[in-house]
Structure formats: structure tokens, C-alpha cells
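Participant: The structure's right below; bear with me while I get my questions together.
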Amino acid sequence: MKRKLKVVTLLLAISLVTTLVAACSSNNKNNSNPSNEKNAGQASENTGESALDPYEITMALPIFGAEPKDMVEIEAAINKITQSKMNATVDILPISVGAYGQQMNLMFSGGEKLDLAFTFGAGGMYNAAAGSGKLFQIDDLLKEHGQGIIQAVGEDYVNVPKINGKLYGVPYVDAYAKGTDYYLRKDLVDKHQIDVASIKTLDDVENVLKAIKEKEPNIIPLGVAPGLGPVTSFATYDGLGDRLGVLPGYDNGMKIVNLFETQDYADQLSRVHKWFKEGYINKDAATTTVLPNAQIKAGRTFSAIYPSSPGQKEGIELEVGYELVRVELLPPHATTANVMTGLWTIAQHSENPERAMMFLNLMYSDKDIANFLVWGIEGKHYVKISETAVDYPEGLDINSVGYNMRTFDWVMGNKTLTYLAKLDNPKLRELEKEFMAQSIPSKAIGFLFDEGPVKNEGVALKNVIEQYAQSLETGTVDPEKRLKEFNDKLKAAGLDKYIAEKQKQLDAWAAANQ
């Protein structure tokens with residue numbers, strides 16, 4: 001069953017996915033799943049497993065663009081492996097990300113054949129699907145058939161998505177942490193002899209912005225856009241999913257506070273408003289849809305502040321067309337939100353959850369399957385240029401090749417098994433390992449807030465956030481005039497009750513897990 005659905009932007013898609021799934025009813029078939037494969041624990045690791053009956057696994061896959069025209073060929077290549085290793089075939093069901101939530105709702109509620117599904121963690125889709133009985137509890141299956149997944153994700157992170165002690169999905173492999181990096185155009189750094197080694201704090205950044213403003217009057221010192229700037233990207237707290245009650249310092253004795261009433265937040269707003277008034281920030285920061293990268297590429301912006309990730313510098317340089325200098329402002333911290341961006345799940349009504357887990361294990365542990373899913377077929381969709389890197393065949397590119405999912409390789413489970421692109425940093429995999437080794441876990445990693453008891457307050461509070469935060473956090477408005485009003489509106493919308501419920505749940509989680 002293949003569907004070509006209208007493609008929408010990712011931001012709109014995530015919003016749609018979240019809205020639709022959260023609204024799903026909890027009426028689902030609690031099928032009794034067959035368990036006649038108890039002796040097949042290692043089937044995904046051995047060839048010629050004759051004890052298993054043939055089975056076709058239906059896998060729902062979000063597509064961020066047009067459906068690749070050679071998808072059927074990718075299925076056939078994967079099926080040669082799965083038939084040998086687990087006597088199964090895979091039917092990949094590509095669904096435009098813009099319609100993904102709606103399609104999943106229809107498949108779950110209608111009982112359409114479905115085994116594996118990628119489930120977004122953003123906005124509570126995973127929580128809602130698990131809580132309404134749509135997802136199969138996988139704790140036992142993971143132990144029996146998912147050792148490759150556990151090894152790939154890591155013991156410290158594979159259990160983070162547990163809800164009330166039960167696991168319903170496994171996160172894709174990634175650097176489960178974010179810090180803060182400051183990127184500067186190297187040509188202007190060299191021209192004005194900026195001492196980047198002395199940049200340690202936002203005060204130091206301010207000195208650099210001031211110098212650029214004076215010496216390059218036609219250049220905007222810092223590119224800012226909604227959600228990407230010196231306030232939102234410079235987080236010294238665990239936002240616990242929504243910033244409506246946070247843990248300062250990623251610990252704070254496990255005591256949640258109202259971020260928007262803290263002195264640190266007020267100071268950050270004052271700083272960024274000063275930068276705005278001084279002309280260090282683009283005047284359309286609160287409304288622009290042009291991200292800082294694109295602002296730098298246009299030649300009108302000097303620098304940007306971003307959440308950090310391994311190998312990011314090379315990717316930004318390729319996009320903007322300038323050599324950059326990277327300065328780390330904050331070290332990486334791992335939080336539940338970082339782990340929960342997206343997960344692979346098994347449908348509660350799957351006819352064979354064991355076989356679904358066995359294939360999922362291959363997605364995380366079999367290099368050939370991982371590269372089929374991301375790059376396609378060697379010689380047709382890519383050519384090797386080294387043992388670890390590939391490029392498009394002659395005459396083809398990302399737009400003309402018949403299959404390529406590299407841009408969204410994270411969706412496929414374990415991107416670390418796949419080839420690097422020609423222009424990637426050849427040491428990217430090592431950088432990813434170093435990044436995670438250096439990351440600091442939040443004291444609350446593994447805590448998932450259930451908004452259910454304060455759902456109405458949550459809706460009202462998010463409306464207030466939308467009304468005030470963007471203009472305040474881009475420096476566009478004076479916090480002396482608007483911050484108190486912002487907090488008063490949050491209080492009126494029920495923030496105290498919301499935080500009390502979050503604290504109650506965090507206390508219970510901490511007592512059970514720490």
C-alpha cells in the first residue's frame with residue numbers, strides 16, 4: 001500500500017502530527033498477539049532460520065518530501081536479507097510527514113495491518129499513543145530480540161522512553177545532548193584580529209558584536225530567528241520538555257522553578273534587548289523565517305549562536321559558503337527531550353510483534369540494511385569513494401537520484417552504520433562518540449511529564465508563551481515593560497498548578513528511579 005501525499009513543511013507537519021495524535025481516542029483493539037516464536041530469539045542473527053513461518057512486516061515511514069521513485073527496489077534489496085535471516089519480508093509504507101499523524105490515527109483505529117511505525121516524540125505524540133493503548137509494550141521483546149538495539153542506543157539511553165516503568169519505543173541513535181556553540185565568519189575574524197580564544201561567556205560575545213558593529217557597519221553582528229538566539233540556544237537548565245517548570249543547572253536538588261521568574265532569565269532578556277537596541281541583531285528577529293545560516297550565506301550577517309551537535313561546523317560551512325570559527329559557550333547536556341525526538345514503535349495490533357522486533361533489531365545492527373534505507377543501492381543510487389564515504393553516481397545529484405534519505409538518516413534508526421557523504425568530516429563518527437562521552441546527563445533524564453492532569457492549563461499556558469516569548473527572547477520588546485505582564489498572564493493561566501503537578505510527578509519518578 002503506497003500513498004503519495006501532499007508535502008508540507010516540517011514545522012507545520014510536526015504541529016499537525018501532534019494535534020491529530022493527541023486528539024485520538026483510546027479505543028483500540030487489544031489483540032492477543034501470537035507467541036509461537038519463543039525459540040526464535042537469535043533468528044535475526046542467524047541465516048536460514050527454518051523454524052519461522054513466512055511473514056510480511058508492514059512498516060510506516062514518514063517521508064519529508066516526495067516519495068522516492070525507487071522505493072520498491074529498496075524493499076526488494078532489504079527483503080533478500082530478511083528472508084535469509086528471519087524468513088520475513090518488509091512492506092515499507094511511505095507517508096508524507098504532513099499527513100503522518102492522521103494516517104497513523106486511521107491505521108490504529110481501523111486496525112489496518114501495521115507492525116512498525118516511527119513515532120515522533122515532539123509534542124507528546126509518543127506519550128499519547130502509548131497512553132491510549134496504541135503501542136505494544138516491548139520490554140520483554142527488546143531483551144529477547146533487541147540486543148543489537150541495546151548496544152547501538154546504549155544502556156544509559158534505551159530505557160529513557162519508559163512510561164510508568166514500561167517501554168513502548170526505542171529512540172533513534174543520535175548524540176543525545178545539546179550544548180551551545182558560537183559561530184563566526186573566519187574572514188572577518190582574521191581581518192579584525194578577533195581573539196576567539198578569549199570568548200568564554202555572553203559578555204565576551206557582546207564585546208565581539210560591538211567591535212563588528214563599529215568596524216563593519218553594513219554587517220549585522222548576530223543573526224537571530226524565533227527559537228534560535230542567545231536566549232533559547234543558551235540554556236543552562238533542563239526544560240523538562242516544555243520549559244513550563246525547569247530544573248536550573250540540570251539538577252537544582254530536583255526542585256522545579258518557574259523559568260520566567262528567575263533572575264537569570266530576566267538578565268538574558270535585558271542583554272538581548274540591549275543588543276537589539278544597539279543594532280547587533282537583525283530588526284526582524286521576532287518575525288523572520290530566514291534562519292541565521294541563511295542570513296550569513298546572504299553576506300549580511302557575521303555570526304550566530306546555535307545548540308551544538310557533533311560535526312555541525314562542516315555542515316553549516318557547506319550551507320553558508322564561508323569558513324567559520326566555532327567557539328563552545330556551554331558543554332553538552334543530555335536530557336529526556338534530546339532522547340525523545342523520535343522513536344521506533346510496534347503497533348499494539350501487530351499480528352507478529354516478535355518478528356517486528358527482530359527486523360527492528362536488524363535496522364539498528366545490520367550495516368547493509370541501514371545503508372539500503374539511507375543511501376539505496378550501490379552503483380545506482382550512490383558510489384563509494386572510500387571505505388567510509390560515498391557520492392552520487394556521475395550525472396546524478398540529490399534531486400535526480402532515484403532514492404536518497406540521507407537528509408533524514410536519523411529516521412532510519414542507526415545512522416552510525418551508514419556511509420558518510422563526500423563532504424562530511426571524515427572523522428564525524430569519532431566526533432559523535434567524543435561528544436557523547438563529554439556530555440553531562442541531566443539529573444532528570446528519563447523523566448517524562450504526563451500533562452493529562454493539567455491538560456487545560458497546558459493549552460492555556462502554551463497560548464501565553466506564543467503571545468509573549470518570541471518578542472521577548474529576540475530582544476524586540478523591552479522586558480521592563482513586558483516581562484511582568486508575561487508572568488502575570490502565566491499565573492492566571494494556571495502555571496502554579498501546572499508546576500505543582502510536574503513536581504509531584506518528578507518526585508514520584510525520582511523515588512522510583514534514583
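The values are calculated or read from the model by the stated rules, or taken from the named source; none is laboratory data. What you see is a predicted model; the values in this text were computed from it and never measured. Note that we place each Cβ from the backbone using ideal geometry, even for glycine, and neighbour counts take in every protein chain shown. Protein only, heavy atoms only, side chains kept; ligands, DNA and RNA dropped before computing areas. Shrake-Rupley method; radii C 1.70, N 1.55, O 1.52, S 1.80 Å.
Participant: Counting only protein heavy atoms and a 1.4 Å probe, tell me what percentage of the range 250-306's accessible area is made up of carbon and sulfur.
Facilitator: Exposed carbon and sulfur together represent 51 percent of the surface.
Participant: How high is the relative contact order of the range 48-115, in percent, counting Cα pairs under 8 Å that sit 6 or more residues apart?
Facilitator: 46 percent
Participant: Could you check how much of the accessible area of the range 190-235 is carbon and sulfur, as a whole percent, using a 1.4 Å probe?
Facilitator: Its accessible area is 47 percent carbon and sulfur atoms.
Participant: Projected area of the range 309-391, taken from the Cα convex hull and averaged over every viewing direction, in nm²?
Facilitator: Hull-based average projected area comes out at 9.3 nm².
Participant: In whole angstrom, how far apart do the alpha carbon centroids of the range 140-169 and the range 306-331 sit?
Facilitator: 32 Å
Participant: Let me ask you something else. Among the listed pairs Lys455/Lys504; Lys213/Lys484; Lys283/Lys484; Lys313/Lys481, which are separated by more than 26 Å between their Cα atoms?
Facilitator: Lys213/Lys484; Lys313/Lys481
Participant: Separate question: Give me the distance in nm between label points sitting 7 Å out from Cα along the Cα-to-Cβ direction at Leu106 and Ala66, one decimal.
Facilitator: Placing both labels 7 Å beyond Cα along the Cβ direction yields 2.2 nm.
Participant: While we're looking at this one, here's another question. Kindly state, to the nearest 0.05, the FRET efficiency for Lys274 paired with Asp156, given R0 = 41 Å and r defined as their beta-carbon distance.
Facilitator: Given R0 = 41 Å and the Cβ-Cβ separation, E is 0.50.
Participant: Pairwise over distinct Cα atoms, reciprocal of the mean inverse distance: report the Kirkwood radius of the range 314-458 in Å, one decimal place.
Facilitator: Hydrodynamic radius (Kirkwood, Cα only) of the range 314-458 equals 18.5 Å.
Participant: So with the 1.4 Å probe, I'd like the accessible area per residue for the chain, rounded to whole Å².
Facilitator: For the chain, the solvent-accessible area averages 44 Å² per residue.
Participant: Based solely on its DSSP helices, what 222 nm [θ] is calculated for the chain when runs of n ≥ 4 H residues each add -39,500 (n - 2.57) and the sum is averaged over all residues, nearest 500 deg cm²/dmol?
Facilitator: Using -39500 (n - 2.57) per qualifying helix, the result is -12000 deg cm²/dmol.
Participant: Angle check, please: helix 71-86 long axis (alpha carbons) against the longest principal axis of the chain (alpha carbons), in degrees 0 to 90, nearest 10.
Facilitator: Relative to the chain, helix 71-86 is tipped by roughly 60 degrees.
Participant: Given a Förster distance of 56 Å, report the FRET efficiency between Ala500 and Glu394 from their Cβ-Cβ distance, rounded to the nearest 0.05.
Facilitator: 0.35
Participant: Any idea what angle helix 202-215 forms with the longest principal axis of the chain, computed on alpha-carbon atoms, 0 to 90 degrees, nearest 10?
Facilitator: 60 degrees
Participant: Something else: What's the FRET efficiency of Asp91 with Asp251 using the Cβ-Cβ distance as r and R₀ = 51 Å, to the nearest 0.05?
Facilitator: Given R0 = 51 Å and the Cβ-Cβ separation, E is 0.65.
Participant: I've got another one for you. Want the number for Lys481 to Ala197: 0.36 nm per residue separation, take away the alpha-carbon distance, what's left?
Facilitator: Additional length available on full extension: 98.6 nm.
Participant: While we're on this one: In whole percent, and with a 1.4 Å probe on the protein chains, what portion of the accessible area of the range 358-428 is carbon and sulfur?
Facilitator: Carbon and sulfur atoms account for 51 percent of the accessible area of the range 358-428.
Participant: While we're on this one: What ranking of Arg406, Arg185 comes out by heavy-atom accessible area, probe 1.4 Å, highest first?
Facilitator: Arg406, Arg185
Participant: Going by average Cβ neighbours within 10 Å, how do the peptides 263-270, 468-475 rank, with the highest at the top?
Facilitator: 468-475, 263-270
Participant: Where does helix 10-22 land angle-wise versus the long Cα axis of the chain, in degrees 0 to 90, nearest 10?
Facilitator: It works out to around 60 degrees.
Participant: Quickly work out the Asp267-to-Ala492 label distance, labels modelled 7 Å from Cα along the C-beta direction, and quote it in nm with one decimal.
Facilitator: 3.1 nm
Participant: So how long is each side of the range 228-306 along the principal axes, counting just the alpha-carbon atoms, biggest first, in Å?
Facilitator: That works out to 46, 22, 19 Å along the principal axes.
Participant: Quick one: grab Rg to one decimal and Dmax as a whole number for the range 194-268, Cα atoms only, in Å.
Facilitator: 15.5, 47
Participant: Sticking with this structure for a sec: What distance in nm separates the simple spin-label points at Asn425 and Asp53, each placed 7 Å from Cα in the Cβ direction?
Facilitator: That separation, rounded to one decimal, is 5.1 nm.
Participant: Of Lys166/Lys255; Lys69/Lys380; Lys69/Lys427, which sit over 22 Å apart, Cα to Cα?
Facilitator: Lys166/Lys255; Lys69/Lys427
Participant: Something else now. Give, in whole angstrom and from largest to smallest, the semi-axes √(5λ) of the equivalent ellipsoid of the range 105-214, with λ running over the eigenvalues of the Cα gyration tensor.
Facilitator: Ellipsoid half-lengths, sorted descending, are 47, 17, 12 Å.
Participant: Where both partners of a DSSP beta bridge lie in the chain, what percent of those bridges are antiparallel, to the nearest 5?
Facilitator: About 60 percent, rounded to the nearest 5.
Participant: On to the next question. Give me the percent relative contact order of the range 60-167, please, defined on Cα pairs under 8 angstrom at least 6 residues apart.
Facilitator: Relative contact order for the range 60-167 comes out at 23 percent.
Participant: Could you give log10 I(q)/I(0) at q = 0.14, 0.21 Å⁻¹ for the range 227-269, computed by the Debye formula over C-alpha point scatterers of equal weight, without solvent?
Facilitator: Cα-only, vacuum Debye calculation for the range 227-269: -0.28, -0.63.
Participant: Mean separation of Cα pairs under 8 Å and 6+ residues apart, divided by the residue count of the range 342-475: what relative contact order is that in percent?
Facilitator: Taking the mean separation of contacting Cα pairs over the length of the range 342-475, I get 20 percent.
Participant: Projected area of the range 335-383, taken from the Cα convex hull and averaged over every viewing direction, in nm²?
Facilitator: 5.2 nm²
Participant: Something else: Counting C-alpha atoms alone, how compact is the range 404-457: give Rg to one decimal and Dmax as a whole number, in angstrom.
Facilitator: Radius of gyration, then largest Cα-Cα span, for the range 404-457: 17.4, 50 Å.
Participant: Determine how many Å³ per residue the convex hull of the Cα atoms of the chain encloses.
Facilitator: Hull volume over Cα atoms, normalised by residue count, gives 148 Å³.
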